[in-house]
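A quick write-up on the structure given underneath.
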Amino acid sequence: MELDSERVSDHSRVEVDESSAENRATLSEELLDFTESLHSSIVHYEWKNGRRYREGNYKFPNDEREQDRLNLVHYAIYYLCDEKLFLAPVNPHGNKILDAGTGTGKWPIEMGDLYPSAELTGVDLSPIQPRWAPPNVKFIVEDIEEDWIETELYDFIHCRYLMGSIKDWPRLVQKFYQHLKPGGWVEFKDSSSSIYSEDGSVTPDYKVAEMLRNLRMASDKIGINMDHAPSLKGWMEQAGFTNIEQRIMRLPIGTWPKNKRLKLIGAMMASHYLEGVEAFTLIPFTEILGWTTAEVDELNTQVRAAVQTKGVHALHNYYIVWGQKPEM
C-alpha cells in the first residue's frame, strides 16, 4: 500500500457509501468546453500518435481532450475547497493577481468575474485559453521557470496542478517571492503523486499505483520531481515566506465515498484517470522509459479497469499551502 507519511488536516476517515454501486459517473453538465485558441506564430506544435504536443521538454499534450481534462480537475479542486477559488487570507479587490501555469485559464476567468476591480494575469506555456475573457483578465505565453516578460510585482500569486512540469521547484518558489509586493501572498495547490487507502484496499499491484510509480521513474530520469507537494511548505520557509499554513485534504478516486460532495469529486477524479491516462503515459513511457506503444496501451487499459473496480477506495493527499512575503 502506498501511503503518504504526513497526516491529513481532517483526521476522520472518509466514510464508504456501502449502498453505492460505485459505477462510473458521467461528467457534470456544468463543465464547459473551451474553444481552442491556436497562435502558431508564438508556439509550434507537433502531433504524436494522434495527440498534439507543444514542442520542447513538456511531455503532456495540450489538445482539446487535454483541455477538457484540465477543466475537470479545476472543478474537482473547486469542490474540494468548498467552492472557494483560494484559501489564503487575501482580499482580491483592486489587487494584481497572477495565475502561474494557468492551463485553460479557468481560474483567472472565474476570479475576474467575481472581482471586477482586480487585475488578473494568467501565464502558461501554451496559448490554449479562450478568445473571450473578462476585461480585467489577460493571458501571456511564457515559461514561468525562465525570466519573466513582465517585471511588475503582484499582490497574490496562485499556482496549482503543475505536477510533472517544473524542474527546479525551490528556484520557482524563490522567484514567486521576488515577484510579490511586500505583504503579498502566494498559494500552492497540488496532490501527492502516490495513492493510498485507509482500509488496505489499495495494494502495491493496483494498476493505478503501478502507473504512477513508472511515471515518477520517467520524471526522475529527466530531472523532474513528481512528488513536490509535500516539500512546498519547507521551500516556502527557505524562501523567506512567513505566516505559512498548510492543509492536507483527501482527494478520492471513484464514487465510493458516502459524503455527497466527496462522491462528486471522486467521480470527477475517476473520469480524470479514465480520460487522462494516455496523456500521462504515452510520451513519458515510450520516449523516456523505452516502452513500446503496445505496452503502454496495455497498461492504460488495465488502469482504466482498475479505476472502475468496486471495493477499491483510493485516495490522493492534496496539499494547499499559502504564505506571505513580509512587510517592509
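Couple of notes before you dig in:
- From least to most packed, judged by other beta carbons within 10 angstrom and beginning with the fewest, M217, M236, M163 follow the order M217, M163, M236.
- Distance between the 7 Å Cα→Cβ label points at S12 and E327: 3.8 nm.
- Order of D155, D168 - criterion: other Cβ atoms within 10 Å of each residue's Cβ, fewest first: D168, D155
- Violating pairs (Cα-Cα greater than 23 angstrom) within the set K138/K181; K167/K207; K189/K258; K96/K175: K167/K207; K189/K258
- Sorted peptide list for 265-271, 225-231, criterion being average Cβ within 10 angstrom, highest first: 265-271, 225-231
- In this calculation the C-beta distance from L114 to E142 is compared with R0 = 25 Å, giving a FRET efficiency of 0.55.
Values quoted throughout were computed directly from the atomic coordinates according to the rules given, and no laboratory measurement underlies them. For clarity, every value in this text was computed on a predicted model and none was experimentally measured. Cβ coordinates were reconstructed from backbone atoms using ideal geometry, including for glycine residues, and neighbour counts include every protein chain displayed.
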